[in-house]
Each structure stands twice: as structure tokens, then as C-alpha cells.
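Report on the following structure.
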Amino acid sequence: MAGPATQLPTIIVTGASSGIGAHCARALKTDGWRVFATARKPADIAVLEQEGFEAFYLDYREPESIEALVSAVMERTGGRLDALYNNGAHAQAGAVEDLPVEALREQFEANVFGWHDLTRRVLPAMRAQGHGRLVHCSSILGLMPARLRGAYCASKYAVEGLMLALRQELEGSGIHVSLIEPGPVTSNIHKNGMTWFLKHVDYGNSHYRDDYRAQLSQVRNAGEKVRADPQVVYKALRHALVSRSPRPHYVVTAPARIGVLMKRLLPADMLYRILSKAA
């Protein structure tokens, strides 16, 4: 896409310090987008700036940082924004019975309430210009549950319901809402989630302590299963951003597509028994 920077299509990409967010931010920049990338750590923001991004601090749990981000972006663009990619999140692991309510509060602050806040703040600009794309990186765990991932599943189920309702409400406005539901993709989300797990779960005294120790060992030894390249997510994101008819759902990776097929074909009790035995 040619033209001066002010005429490039504009997008906010959150959680751009690593994994899916970093890959998508770089790919968008290469494809001619003006990318406003966010991260929480000053060192990560500095790296993004060195790569030529307009980088900003954002912590979804801090409404003031969301307000500051949107204000700064709108000032730089003259009040225009073509797209938002909500991606930043953390994954709270732990069996439901081991999770204090505070763990759920923090999970929802980061994965749901902050996304809602940021989405609402960019909508007035999109309505004024008559177009926009709102893309949310959900998860296959927003469509089906997984044991020891109840908090994360709940946050993604909430995003699905909230943003699909928004999609219906925006019908005819020129603003499109899409959800990307990846299966296993290479990222640091499980490694970064260890901080939250250790903060909230007394795993040594849990009924599930053997499961926890096995999973902790996997993460610490980088021995997780083979995961898809983040490019599969970017392919879906690009379609959601540029297609005349963006889809409501983009299920990506073979395991995620298999999961959706199983959900469609199998009786619910059989499906959940199979899922309960998954590692």
C-alpha cells in the first residue's frame, strides 16, 4: 500500500511483545499498515520502537492506560482508526476448585473487561468514519472446555458472547467484528502464565498436584507439544481485515478444526469424556 504514513491503513495491535501479537504486528507492517503496537514492559516497548513501530504502554487491567493509548493514537491519526486487534491476554491455569475468586477477577480484567473497554473507546471514531474492523483473538477454548483451564476458558467464552452480540448490533454500520479461534500456536502464553498459576494455586496441597507438576515440568523444560506457526493466525487476521465479507469465526490449526468437528458430531457427554482425558 502506497502513500504517506498518515494515509496508510491504521491498526492497534495489543500484546505485541511476543508470540502471535509480535508476529502479526510485523506482518501487518510489512503489508503496509501503520501499526500502533502495545506492550506492558518498558524493555519490550523499546524493542518495538527500534523495529520502527509506534509503540505504547498498555495493561488491560489499568483503564487509565487504555484511555491514554486511544488518546495518543487518535491524536496521531487525526481521529481515524481502521482496525483494532485485541490480542494481549494471560492464561490462568488451575482446576476450578483450586481457583480463588481473585484469580477469576484478574483473568477477566485482562482478558475481557479490558478488551471491552478498549473496543468501546475506538468505536466512536469508526462510527464517525463509517467503517472499521474489530478482530479479537479468542481461542478454541472459547468454543469448548479444557480441564485445568477453567478460568481461561471462561474468559474466552465471555469474549465470544460479548463480541458476537456487538457484531449483531453493528450490522449495517460498516464496522465488522470477527473472532479468531486458534488451537495450539507457538507463543509464550503458558510460560508467562506460570506467574499467575504460582500466585493463585496452592498446587502442592491440591488433589491435582500430580497433573500440575507434570505440566509445570513441561513448561519449564520447554517440552510442550508441537505447535503451529503464528502465520496461520495472521492469515486469518488478514482476511478479517481486508475481505469485503469478513467471517464471524476463524478456527485455525488442525487440532482446533478437529475439535469443532467433534463438537458438532459427537453427543455432548461423549465429547466431554474425551476432552477430560486430554493432556
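The values are calculated or read from the model by the stated rules, or taken from the named source; none is laboratory data. All values reported here derive from a predicted model rather than from experimental measurement. For neighbour counting, all protein chains shown are included, and Cβ atoms are generated from backbone atoms with ideal geometry for every residue, glycine included. In case anyone asks, the SASA skips ligands and DNA or RNA and just uses the protein heavy atoms, side chains included. Shrake-Rupley method; radii C 1.70, N 1.55, O 1.52, S 1.80 Å.
Here are some notes:
- Efficiency of FRET between ALA43 and ARG213 - r from beta-carbon atoms, R0 35 angstrom, step 0.05: 0.65
- Put a dot 7 Å past the Cα of SER173, heading toward its Cβ, do the same for LYS191, and the two dots end up 3.8 nm apart.
- Estimated 222 nm signal from helices in the chain, with DSSP H stretches of n ≥ 4 weighted -39500 (n - 2.57), rounded to 500: -15500 deg cm²/dmol
- Dipole magnitude for the chain: computed about the Cα centre from +1 point charges on Lys and Arg Cβ and -1 point charges on Asp and Glu Cβ, it is near 880 debye.
- Region 32-152, accessible surface, carbon-and-sulfur percent (1.4 angstrom probe): 53 percent
- Remark: spin-label model distance ASN205-LEU266 equals 3.6 nm, labels positioned 7 Å along the Cα→Cβ axis.
- Lysine pair count for the chain (Cα-Cα distance under 18 Å; residues 8 or more apart in sequence or on different chains): 7.
- Helices in the chain that qualify as membrane-span-like (whole DSSP H runs, Cα extent of at least 27 Å along the helix axis, mean Kyte-Doolittle hydropathy of -0.5 or higher) are 150-169.
- Of (1) 47, 37, 33; (2) 58, 43, 32; (3) 54, 36, 30, the label for Cα extents along the principal axes in Å derived from the coordinates: (2)
- Note on ARG273 and ASP117: the extension gain reaches 52.5 nm, defined as 0.36 nm multiplied by sequence separation minus the Cα-Cα distance.
- Accessible area in square angstrom per residue, the chain, 1.4 angstrom probe: 49 Å²
- Amide H to amide H distances under 5 Å link ALA228 with VAL185, THR186, where only residues 5 or more positions off or on other chains count and H is placed in the peptide plane.
- Alpha-carbon centroids, region 175-191 and region 234-279: separation in whole Å: 11 Å
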